[in-house]
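Participant: Structure incoming, see below.
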Amino acid sequence: MGKTILGIAGYYHDAAAALVHDGEIVAAAQEERFTRRKHDPSFPVNAINYCLEEGFVDAADLDAIVFYDNPLLTFDRVVQNACAGARHGDAAGARDLFVQAAGAVLGDKIWVNEHVRQTLGTPGRAGRVLFAEHHMAHAASAFYPAPFDSAAVLTIDGVGEWATTTLGTGHGRKLELFAEIDYPHSLGLLYSAFTSFCGFKVNSGEYKLMGLAPYGRPRYAGRIREHLIDVRTDGSYRLDMNYFGWLDGMAMPGPRFADLFDGPARQPETPITRREMDLAASIQQVTEEIVLRTARHLRRLSGERNLVLAGGVALNCVANGKLAAAGIFDDIWIQPAAGDAGGA
C-alpha cells in the first residue's frame, strides 16, 4: 500500500497544500482560492482541509507531513544578513531588518509543528513535520510530475534559505541538485527590484513588468550588465550589492538606482512613462540572456535531452518561450504552479 503525504507551503506568500498518494497527486490547492486574499501567505488551513476531503483521507492516516522550507537555514541567513549590514556601518538598519525578518521566521515558520497539530490534531503515523529545503521542493515539484524518466532540473527564484538558482538532474526516483548560486546574488530579486522601481508590488506585480516589456526598447540593458550584474558565459552571475537594499534594509532597489536610471522610482498608481516601458524591456532581455546561458551550461553538464523548470522566475513565460525556441533541449516541462505554491 502506497504512502500518503501532505505537503504544505506558507508564511511567505502563496500558501498552499498538496496531497500525494503512492506518488500520484490526489489534490492540490492554494489558500487564496478559499480566503479570496491574493497571494495569501497564512498557514493554509482551508487548502489542507480541502486536500484531505478530496482524497477521503483522515489526518491520522497520513504517513508524512512535509513543509517546503527549512526554517533554521532561513534563520541562519537572517542572522548573517543582519551581521553583514552592521559590518557595512548601518547598525540601526541592520537591527531593524533583523527584528522584522527574525520575527517572520521565529514567529511563524518555527512553529509549523504546532500549527499542524492545531489544524489536524495528532497527525497519527506522520509524527512530527519534516522539512524539505526550498529549492529541493521546487525541483521535486518540477521533476516528479513531468512526463520524463530522466531530465535536467533548473530552479530559479528570489531566495529559498540560501539558494537562488540551482542546477540538477532527475533519474527515476532519484533527484540531485549539484550546483547553486546563493543569496544575495539572485536573478529573481533583481527582477523584483525593477518591479518595485517601476511602481509595482513585489511578489505580485512581476507579471505586469513582463507584460510591459514589449512596449519598450531595451535601452537600459547595457547599464544593467555594466553596473548591476556580472554574467558569465555559463549563466552564473554576481550582483553589485551597492545598488540593492536587501542586505541592509527592506528596500529592493537601493538609492543609487535613481541615479543610474534617470530619476526616482515611479510611484504606484501614477502614469506609466516611456522610461518604465524601457526599463521593463531591458531587465526582461537580461533575464532571458541569463536563462538561456544557464540552460546551455546545464545541457553540457548533464547531457540530458529534457529539461524541467520551477521557481518564481519559471513563471516568466516570455523567457520560457525563448528557451523553447532556442532548441537547447529536445523537450521542456514547466511546473504550472512554478512559484511557492507549487512547493507544497
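Participant: Looking at LEU260, LEU309, LEU323, LEU315 in this structure, which one is farther than 27 Å from HIS13 by Cβ and modelled with pLDDT of 95 or more?
Facilitator: Being farther than 27 Å from HIS13 by Cβ and modelled with pLDDT of 95 or more holds for just one of LEU260, LEU309, LEU323, LEU315, which is LEU260.
Participant: Sort out which residues of region 27-58 are closer than 23 Å to ASN113 by Cβ and over 24 Å from the mean Cα position of the chain (by Cα), and write them in order of number.
Facilitator: ASN49, TYR50, LEU52, GLU53, GLY55, VAL57, ASP58
Participant: Let me ask something additional. Evaluate region 325-338: report whether one residue or more is crowded, with 24+ Cβ neighbours inside 10 Å and part of a helix (DSSP H, G or I).
Facilitator: Checked region 325-338: no residue is crowded, with 24+ Cβ neighbours inside 10 Å and part of a helix (DSSP H, G or I).
Participant: Cβ-Cβ below 7 Å, separation at least six or inter-chain, first residue in region 34-52 and surrounded by 15 or more Cβ atoms within 10 Å (Cβ to Cβ), second β-branched (Val, Ile, Thr) and assigned to a helix (DSSP H, G or I): which pairs?
Facilitator: Cβ pairs passing all conditions: VAL45/THR119; ASN46/THR35; ILE48/THR119.
Residue-by-condition table, conditions (1) of a type outside the set (Gly, Ala, Ser); (2) out of contact with any Asp or Glu (no Cβ under 9 Å at 6 or more places or on another chain); (3) modelled with pLDDT of 95 or more:
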site: TYR243; (1), (2), (3): yes, yes, no
site: ALA251; (1), (2), (3): no, yes, no
site: ARG275; (1), (2), (3): yes, no, yes
site: VAL291; (1), (2), (3): yes, yes, yes
site: SER302; (1), (2), (3): no, yes, yes
site: ARG305; (1), (2), (3): yes, no, yes
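Participant: Can you pull out the residues in region 123-166 that are at pLDDT below 95, aromatic (Phe, Trp, Tyr) and in contact with a Gly (Cβ under 6 Å, 6 or more places away or on another chain)?
Facilitator: Scanning region 123-166 gives no hits.
Participant: Does ASP278 qualify as being without any contact (Cβ under 8 Å) to a residue 60 or more places away in the chain and in the same structural domain as PHE143 (by TED's automatic domain parsing)?
Facilitator: Criteria not met by ASP278.
Participant: Also: Output the number of residues of region 16-36 satisfying the condition of being at pLDDT below 95 and out of contact with any strand residue (DSSP E or B) (no Cβ under 9 Å at 6 or more places or on another chain).
Facilitator: Adding up the residues that qualify gives 2.
Table: residues versus (1) under 17 Å from THR287 (Cα atoms); (2) at pLDDT 95 or above.
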| position | (1), (2) |
| --- | --- |
| LEU209 | yes, yes |
| ALA213 | yes, yes |
| ARG217 | yes, yes |
| ILE229 | yes, yes |
| GLY235 | yes, no |
| LEU247 | no, no |
| PRO255 | no, no |
| GLN267 | no, yes |
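Participant: In contact (Cβ under 8 Å) with a residue 12 or more places away in the chain, of a type outside the set (Asp, Glu), assigned to a loop (DSSP other than H, G, I, E, B) and within 24 Å of ALA132 (Cβ to Cβ) - does that describe any residue in region 289-304?
Facilitator: To start, the set of residues in region 289-304 that are in contact (Cβ under 8 Å) with a residue 12 or more places away in the chain comprises 289-299, 301-302, 304.
Next, from what is left, pick out any that are of a type outside the set (Asp, Glu): 290-299, 301-302.
Add one more test, that the residue is assigned to a loop (DSSP other than H, G, I, E, B), and what stays is none.
Within region 289-304 (the criterion being in contact (Cβ under 8 Å) with a residue 12 or more places away in the chain, of a type outside the set (Asp, Glu), assigned to a loop (DSSP other than H, G, I, E, B) and within 24 Å of ALA132 (Cβ to Cβ)), the answer is no, since none of the residues qualifies.
Participant: Select from region 228-248 the residues that are in a helix (DSSP H, G or I) and surrounded by fewer than 17 Cβ atoms within 10 Å (Cβ to Cβ) and list them in ascending order.
Facilitator: Residues satisfying the conditions are MET241, ASN242.
The values are calculated or read from the model by the stated rules, or taken from the named source; none is laboratory data. None of the values given here were measured: they were computed from a predicted structure. Every residue, glycine as well, gets a Cβ built from its backbone with ideal geometry; the counts of neighbours run over all protein chains shown.
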